[in-house]
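Reviewing the structure listed below.
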Amino acid sequence: MVPVATLLLLRHGRTTANADGGLAGRQPVELDDTGRAQATAVGERLRPVPLAAVVTSPLIRCRQTLELALPQATPVVEDGLIECDYGSWEGQPLKKLAKEPLWPVVQQHPSAAVFPNGEAMAAMAARAVAAVRSWDVRVSAEHGPEAVWLACSHGDVIKAIVADALGVHLDAFQRIVADPASVTAIRFTPLRPFLVRLNDTGGDLAALVPPPTKRRRRANRVADSDAAVGGGAGASR
């Protein structure tokens, strides 16, 4: 099994918009008391994990989450991780939006959804996936293939990245859940990505740190086998 970097996708903590049932979009909504507590708690869980890099959406709710969770880190802003541009839907109550003709499209056929005066969901997914894959290559090159790095982003963005990692169509991404302050872990191998954790809100994150590579003669025989890579990832990680 070829060692690869590990990406931790962190969703920001709960915001005032989350609590009120509104669609925040790119508005500068901030964490509420619950969100701040969630950010502090996930920081404790991340404490034993050596992070080679921390990147973030530019929106304040993500930056506040990292300030509380990882106060010693210096996050790098990555515009590709910003929330979807919901256009004129931003700031609207979800109950009201659920009556819009576009709502069933967003829920059942999101790859065709283009928000009025906003962004297409397919475009959001493409730039988010491109951003994390580019950063994964960069982190691996600079810190080695066993590095662990973190990206803080938003629910729909994380779900789109997970859908890509699973090899499922974007139209299935509404089946994926990414709760506030949850951690999702992905490893991008040369052959295919592996979803290691999904929507983890309480597990031991130290277990995600890869052990030192042990070179075995057998590894040379199976490194280029897709089945062997899959079996190895499932068994050892």
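Some notes on this structure:
- With respect to the conditions (1) farther than 19 Å from Met124 by Cα; (2) in contact (Cβ under 8 Å) with a residue 12 or more places away in the chain; (3) surrounded by fewer than 18 Cβ atoms within 10 Å (Cβ to Cβ), Glu44 lacks only one, and its number is (2).
- Identity of the residue in the range 133-166, more than 24 Å from Asn18 (Cβ to Cβ) and under 12 Å from the mean Cα position of the chain (by Cα), that ends up most open to solvent (accessible area, probe 1.4 Å): Arg133
- No other residue among Leu70, Leu102, Leu66 is touching a Cys at 6+ places or on another chain (Cβ under 6 Å), open to solvent by less than 50 Å² (accessible area, probe 1.4 Å), over 18 Å from Gln27 (Cβ atoms) and not charged (D, E, K, R) apart from Leu66.
- Test set (1) closer than 28 Å to Pro28 by Cβ; (2) touching a helix residue (DSSP H, G or I) at 6+ places or on another chain (Cβ under 7 Å); (3) assigned to a helix (DSSP H, G or I) - Trp135 fails condition number: (2)
- On the stretch given as the range 1-43, residues that are basic (Lys, Arg) and within 16 Å of the chain's Cα centre (by Cα) total 2.
- Gln92 vs. criteria of a type in the set (S, T, N, Q), open to solvent by less than 60 Å² (accessible area, probe 1.4 Å), closer than 23 Å to Thr16 by Cα and over 17 Å from the mean Cα position of the chain (by Cα): yes
The values are calculated or read from the model by the stated rules, or taken from the named source; none is laboratory data. Note that the coordinates shown come from a computational prediction; the quantities given were computed from them, not determined experimentally. A quick note on method: Cβ atoms are made from the backbone with ideal geometry, for glycine too, and the neighbour counts reach across all protein chains shown. For the accessible areas, the whole protein counts, side chains as well, though only heavy atoms, and no ligand, DNA or RNA atoms are used. Shrake-Rupley method; radii C 1.70, N 1.55, O 1.52, S 1.80 Å.
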